[in-house]
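The structure appears below as structure tokens.
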Amino acid sequence: MTREEFRALVEEAIDTIPRKFAREVRNLVIVIEDEPPDDLLDQMDIGPDDVLLGLYQGTPLNERGWGYGNQLPDRITLFQNTIEEDCDDDEDEIVVAIGETLIHELGHYFGMSEDEIMEIEERYWRGDPDPEDANDEERRTNNESKKPDEPA
């Protein structure tokens, strides 16, 4: 798969993640690389039987102090070849794997615990909407159904 085709799948996957993530993200870049370098895998103690699909690098929001600013963007790296191999080149599975990886890495960006991230990932796997997204949708639907002269 070409890099452009993979980027298109990343954009498709972004549309599947909870909206609250997209709404709250600031100064973050998503980078695509072929594979994680060996020194990174060694540094993270990732063995030959383990797989690294993505990586968050930056300062989580909950660790930023009052003096935090004027920084380069935080970074999420997606490893294209690793994701493709893990999904046996199945495009639908690749989109799900990208979405799940983005949720996991964005969880680190927000400073969530592994348990909180797993809860969100499990809802994602089941196709359940995020409760906050459901509340936003309900508010939007209620506002659209009101008559123009009714207060929102």
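The values are calculated or read from the model by the stated rules, or taken from the named source; none is laboratory data. Quantities reported herein were computed from a predicted structural model and do not represent experimental measurements. All Cβ positions, glycine included, derive from the backbone under ideal geometry; neighbour counts span all protein chains shown.
Can you find a residue in region 67-78 that is in a loop (DSSP other than H, G, I, E, B) and in contact with a helix residue (DSSP H, G or I) (Cβ under 7 Å, 6 or more places away or on another chain)? No, every residue in region 67-78 fails to be in a loop (DSSP other than H, G, I, E, B) and in contact with a helix residue (DSSP H, G or I) (Cβ under 7 Å, 6 or more places away or on another chain).
Of the helices (runs of 4 or more DSSP H) entirely within region 1-48, those holding at least 3 residues that are at pLDDT below 90 occupy 19-24. Note on region 63-110: residues that are closer than 20 Å to P18 by Cβ, within 14 Å of the chain's Cα centre (by Cα) and not β-branched (V, I, T) amount to 13. For region 25-52, a tally of residues being farther than 19 Å from L9 by Cβ, surrounded by 10 or more Cβ atoms within 10 Å (Cβ to Cβ) and among the acidic types (D, E) returns 1.
In region 72-91, the residues that are free of Cβ contacts under 8 Å to residues at least 24 places away in the same chain reach residues that are in a helix (DSSP H, G or I) with C-beta atoms within less than 6 angstrom, at least six apart or across chains, in these pairs: C87/E93; C87/I94; C87/A97.
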